[in-house]
1. Out of region 7-43, which residues are surrounded by fewer than 11 Cβ atoms within 10 Å (Cβ to Cβ) and part of a loop (DSSP other than H, G, I, E, B)?
2. Criterion first (at pLDDT below 85 and under 9 Å from the mean Cα position of the chain (by Cα)) does GLU25 satisfy it?
3. Taking region 44-60 only, how many residues are assigned to a loop (DSSP other than H, G, I, E, B) and among the small types (Gly, Ala, Ser)?
4. Do we have LEU71 as at pLDDT below 80 and within 10 Å of the chain's Cα centre (by Cα) here?
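The values are calculated or read from the model by the stated rules, or taken from the named source; none is laboratory data. Please read these numbers as outputs of a predicted model, since none were measured by experiment. All Cβ positions, even for glycine, are placed from backbone atoms using ideal geometry, and neighbour counts span all protein chains on display.
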Amino acid sequence: MKTPLSSPAAHSALTADALIEIAHELRNPLNAISAALEVLNRMPADAPRALRARAVIASQIEQLSAAIRRLESDTPAPPHAG
């Protein structure tokens, strides 16, 4: 007997939902990192810790952004209800 999740369409919808949730979960820390970078940018520009922190944060933002773009581009549109 087939379960509702054993059909390809149901599996695809479940996978799409999971990827959308992952993208959402990645976007939240990305927003926090962006906000922290703005605060950090107000520190003296020549402070060694500030320079390193900015480089690390900027790198992480780019990595998270790239991951989100990959997830979104690989995620099929969810089926429309109705």
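1. Matches in region 7-43: ARG42 only.
2. yes
3. 2
4. Yes: the conditions hold for LEU71.
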